[in-house]
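Q: For reference, the structure I am asking about is given below.
Just so it is clear, none of the values below were taken in a lab; they were calculated from the coordinates. Keep in mind the model is a prediction, meaning the values are calculated, not measured. Every residue, glycine as well, gets a Cβ built from its backbone with ideal geometry; the counts of neighbours run over all protein chains shown.
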Amino acid sequence: MLVVNDLCIYTKDNRETIVQSVSFTVGDGETLGLIGESGSGKSMTSKCIMRLLDPHRFGITGSVRQNGEEILSGKLPRNFRGNRIGMITQNPMTAFAPMIKLGRQLEMGFDTKGRTAKKEYYERLDEAFKSVNLHDMKKIVNSYPDELSGGMLQRVMIALTMMKKPELLIADECTTAVDAASEYMILGELEKMKQCGMSMIVVTHDFGVAARLCDSVTVMKSGRIIEYGRTSDVLGSPQDEYTGQLVSASVMFREDVC
Ligand SMILES: Nc1ncnc2c1ncn2[C@@H]1O[C@H](COP(=O)(O)OP(=O)(O)OP(=O)(O)O)[C@@H](O)[C@H]1O
Ligand SMILES: [Mg+2]
C-alpha cells in the first residue's frame, strides 16, 4: 500500500510552490488515476514518489509510505527503482543513457550470467516486446536510444517494467507517443498487470483510460488536489466545477472526433 500524506514540493531557488498538500492512498492491487490540466503537478508528484527529484533544486515536505516504510527521505531502499516502484516516464527520450546500446541498459538488474540465464532472459524480453507491438528485438537491443522513435522507446520502457513486475507501477501518460494499435495493446497489458494484483498510478488526460483502468481518481489543478474519489463518482457526477468542465470537454472532444 502506498500512502502519500501532505506532500509539498517547491523550488529552492525562488521558493515557487509546485505541489501543495497532496494526499492519497493506493491500496494493494488498486489503480489510482491522476488527472488534471497540463502543468498541474502530476509528473512532479510521480517523480517525487520515485525519488527522481534533485534535492539541490527541490524542497520536499510531507510523507510517502510504502507498506508502512517512509520512502521520501533517508537511504534509498535496495532495489527501490524497478522492483519496489517502476515508472514509465512521460518523456521516453530522457529515460535511457544516450551513449549505451539499449541491450546493455536493459540487462541491468537481471541475472544474465551464463548461457542459459542469458537465453532465458532474451526469450522473456522478446515476449515482453511482442506484447507491446515491438517485433524486432535484435535490432532494438543493438540500437542506441536516439535510433528509436519516442513511441518505440516508450514501449521498450513498458516491456522492461512488465518484466520487472514492480509492487507499484507509475505510468505517466504512457500511451501519448504511440499509435492507436500500440495504445490498444498497452492498455490491455496494463489491465493484465492490474489483474495480476499490481498496484498502479495511471497519469492520464484521457478520461476513457481512467474509466477503464482506475478504481479511484485524483483531479489536480495548480499543484493541489481538487477532487478525489471512486472513478464512477468523480467522472459520473463531479462535485467540483473544474472537474465537471474537464469531463464535459472530454465528452465534447469525443463526440467531435467520432
Ligand atoms: N524541472 C523543473 N523545474 C522547475 N519547475 C518545474 C520543473 N518541472 C516542472 N516544473 C513545473 O512544475 C509544474 C508542474 O509540472 P508537471 O510536469 O508536474 O505538470 P503535469 O501535470 O505533469 O503536466 P502535463 O500534463 O503537461 O504533463 C509546472 O508549473 C512546471 O512548470
Ligand atoms: Mg506530466
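Q: Apply 1/(1 + (r/R0)^6) to the Cβ-Cβ distance of Lys12 and Arg78, taking R0 = 35 Å, and write down the FRET efficiency to the nearest 0.05.
A: In this case the efficiency is close to 0.80.
Q: With +1 on each Lys and Arg Cβ and -1 on each Asp and Glu Cβ, and nothing else charged, work out how big the dipole of segment 22-99 is about its Cα centre, in Debye to the nearest 20.
A: 300 debye
Q: Could you list, in their original order, any pairs among Lys42/Lys221; Lys119/Lys192; Lys165/Lys192; Lys164/Lys192 whose Cα atoms are separated by more than 18 Å?
A: Lys119/Lys192
Q: Still on this model: Classify segment 1-85: rounded, prolate or oblate, from the alpha-carbon gyration tensor (a ≥ b ≥ c, eigenvalue square roots; a/c under 1.5 rounded; otherwise prolate if a/b is larger than b/c)?
A: oblate
Q: Then there is this: Report ³J(HN,Hα) in whole Hz for each residue of segment 40-50, in order, from the Karplus equation J = 6.51 cos²θ - 1.76 cosθ + 1.60 where θ = phi - 60°; Gly and Pro get x.
A: Values per residue, Gly and Pro as x: 7, x, 5, 5, 5, 4, 5, 5, 5, 4, 7 Hz.
Q: Can I ask one more? With N denoting the number of residues in segment 139-256, provide Rg(C-alpha) divided by 2.2 N^0.38 Å, to two decimal places.
A: 1.19
Q: Arg224's amide H: which non-local residues (gap 5+, or another chain) put their own amide H closer than 5 Å, with H modeled 1.01 Å from N in plane and none for Pro or chain starts?
A: Those lying under 5 Å, H to H, from Arg224 are Gln20.
Q: Same structure again: Can you give the angle from 0 to 90° between the axis of helix 115-131 and the longest principal axis of the chain, with both taken from C-alpha atoms, to the nearest 10?
A: 40 degrees
Q: If I fit a long axis through the Cα atoms of helix 180-195 and take the longest principal axis of the Cα atoms of the chain, what angle between them do I get, 0 to 90°, rounded to 10?
A: 80 degrees
Q: Apply the Karplus parameterisation 6.51 cos²θ - 1.76 cosθ + 1.60, with θ equal to phi minus 60°, to every residue of segment 150-157 and state each ³J(HN,Hα) to the nearest whole Hz, in sequence, with x for glycine and proline.
A: Working through the residues one at a time gives x, x, 5, 5, 4, 6, 4, 4 Hz.
Q: Would you mind getting me the FRET efficiency between His56 and Arg212? Use the beta-carbon distance for r and R0 = 45 Å, nearest 0.05.
A: So the FRET efficiency works out to roughly 0.70.
Q: Among DSSP beta bridges whose residues both lie in segment 163-258, state the antiparallel percentage, nearest 5.
A: 55 percent
Q: For Gly229, which sequence-distant residues (separation of 5 or more, or a different chain) have an amide H within less than 5 Å of its own amide H, given hydrogens modelled in the peptide plane?
A: Amide H neighbours of Gly229, under 5 Å, 5+ apart: Val217.
Q: Now a separate question. Given H placed 1.01 Å from N in the peptide plane, which residues other than close sequence neighbours of Ile201 have an amide H under 5 Å from its amide H?
A: Leu32, Leu169, Ile170, Ala171
Q: If you plug each phi of segment 166-177 into the Karplus form 6.51 cos²θ - 1.76 cosθ + 1.60 with θ = phi - 60°, what whole-Hz ³J(HN,Hα) values come out, in order, with x for Gly and Pro?
A: Residue by residue, segment 166-177 yields x, 5, 10, 10, 9, 10, 8, 6, 7, 10, 5, 9 Hz.
Q: Something else: What net charge is computed for the residues neighbouring Thr112, neighbours being all others with C-beta under 11 Å from the C-beta of Thr112, Lys and Arg scored +1, Asp and Glu -1?
A: With Lys, Arg at +1 and Asp, Glu at -1, the neighbours total +3.
Q: Further question: Within 12 Å, Cβ to Cβ, of Gly29, how many net charges do the neighbouring residues add up to if Lys/Arg are +1 and Asp/Glu are -1?
A: Neighbourhood net charge equals -3.
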